[in-house]
Amino acid sequence: MSLASSVLAWIAVIVSIEAVAEIVAHGKVFDPLRERLEKLPGYVGWWSSGLVSCAYCMSVWLSAIGALVVPGPILPDFGSSPDIHALANYAATLFVLHRASNVWHKVVWRWTEMVPFVLFLTPRDDSVPDEKVNHDKEQAL
C-alpha cells in the first residue's frame, strides 16, 4: 500500500470514528436504543447506556475496532518478541486513533461555531435548552 493510500485510510478511519460516535450518542434515530439500554437492570444498563450516550467513551471502543483495519505498524521493531510487538502496535494504534478522532471532533466543533451556514445544514435538537447547549460548548472549548 502506498503512503498516500495509507494516509487516506487513516483519515477515513479517524473521521468515521468521530462521525459514528457523534451520531450514536446524539442522533435522534438512536434515541430508542439509548432509552432501551437505560432500562436494562443494574450495572449492564448503567454501563451500556453510558457508552452509547457518551461520544468520547464510544470513540475508545470504536478506535479498538479501527485499530484492526488501519494500515500499520506504527511502531518500529524494538527487538522483543513478535507477540509483544504486535500487542504494543495495536495499543499504540488504538490510542492514536482515539486521540486523533477527538482532535478531529474539536476541529469540526470549532468550525461549525465559526461558519454560520453549517448550523442550517445540521438538524438542531430543540429538546435541549439553549443554556445547556451553550454551557456544553463553552466547556468543550
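The values are calculated or read from the model by the stated rules, or taken from the named source; none is laboratory data. Given the structure is predicted, the values throughout are model-derived calculations rather than measurements. Cβ: placed from backbone, ideal geometry, glycine included. Neighbour counts: every protein chain shown.
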*Of all residues making up region 85-121, the number that are modelled with pLDDT under 85 and not charged (D, E, K, R)*: 13
*Assess whether residue 38 counts as being touching a helix residue (DSSP H, G or I) at 6+ places or on another chain (Cβ under 6 Å), of a type in the set (Asp, Glu), under 21 Å from residue 96 (Cβ atoms) and surrounded by 14 or more Cβ atoms within 10 Å (Cβ to Cβ).*
no
*Any residue at all in region 40-48 that is at pLDDT below 85 and among the small types (Gly, Ala, Ser)?*
no
*From the set of residues in region 64-84 that are of a type in the set (Val, Ile, Thr) and either surrounded by 12 or more Cβ atoms within 10 Å (Cβ to Cβ) or in contact with a Leu (Cβ under 9 Å, 6 or more places away or on another chain) (or both), which is modelled with the lowest pLDDT?*
74
*Considering region 41-63 alone, what residues qualify as being of a type in the set (A, V, I, L, M) and surrounded by fewer than 16 Cβ atoms within 10 Å (Cβ to Cβ)?*
44
*Count of residues meeting criterion [over 20 Å from residue 7 (Cα atoms) and small (Gly, Ala, Ser)] in region 70-104*: 5
_Can you say whether residue 6 is over 18 Å from residue 102 (Cα atoms), among the hydroxyl-bearing types (Ser, Thr, Tyr), in a helix (DSSP H, G or I) and free of Cβ contacts under 8 Å to residues at least 12 places away in the same chain, as far as the supplied structure shows?_
no
